[in-house]
Amino acid sequence: MSTSSTYRPKAKKNATFPVKLYTLLELCDGSSPSLERYPDGSSIVAWSSHGRSFEIRDEDRFMDEISPKFFRLTTISSFYRQLHLWGFRRFSK
């Protein structure tokens with residue numbers, strides 16, 4: 001069995017946006033022992049301390065490193081648009 005230097009999560013191609021988003025968050029910042037975590041993912045995107053929301057901490061790295069593995073989006077504004085279409089809302093700090 002060969003190992004690859006490219007990290008590829010196991011997400012279904014026909015999964016809905018919320019399922020892909022949850023998988024992404026669990027791989028980057030989740031505590032699920034059954035999933036192989038994305039290295040250094042919590043510095044890019046992470047759950048909030050109460051676990052009811054998430055935060056993109058580094059938009060450039062998110063779009064370059066993580067988003068292409070899950071979504072066919074090319075800009076952060078497209079990602080935010082998808083969030084809005086699925087009923088996610090932005091909270092101010």
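The table below lists the values:
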quantity	calculated
Subset tally (residues that are in a strand (DSSP E or B) and polar (S, T, N, Q)) for the range 23-75	0
Residue check, residue 83 in a helix (DSSP H, G or I) and of a type in the set (A, V, I, L, M, F, W, C)	yes
Selection from the range 31-53 of residues that are among the hydroxyl-bearing types (Ser, Thr, Tyr) and at pLDDT 80 or above	42, 43, 48, 49, 53
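Results for (1) open to solvent by less than 60 Å² (accessible area, probe 1.4 Å); (2) out of contact with any helix residue (DSSP H, G or I) (no Cβ under 6 Å at 6 or more places or on another chain), shown as yes or no for each residue.
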residue	(1), (2)
26	yes, yes
47	no, no
62	yes, yes
65	yes, yes
73	yes, no
78	yes, yes
83	yes, yes
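The values are calculated or read from the model by the stated rules, or taken from the named source; none is laboratory data. Worth saying up front: this structure is predicted, and the values here are computed from it rather than measured. Cβ atoms come from the backbone with ideal geometry, glycine included; neighbour counts cover every protein chain shown. When the accessible area is computed, the model is the full protein with side chains, heavy atoms only, and any ligands, DNA or RNA have been set aside. Shrake-Rupley method; radii C 1.70, N 1.55, O 1.52, S 1.80 Å.
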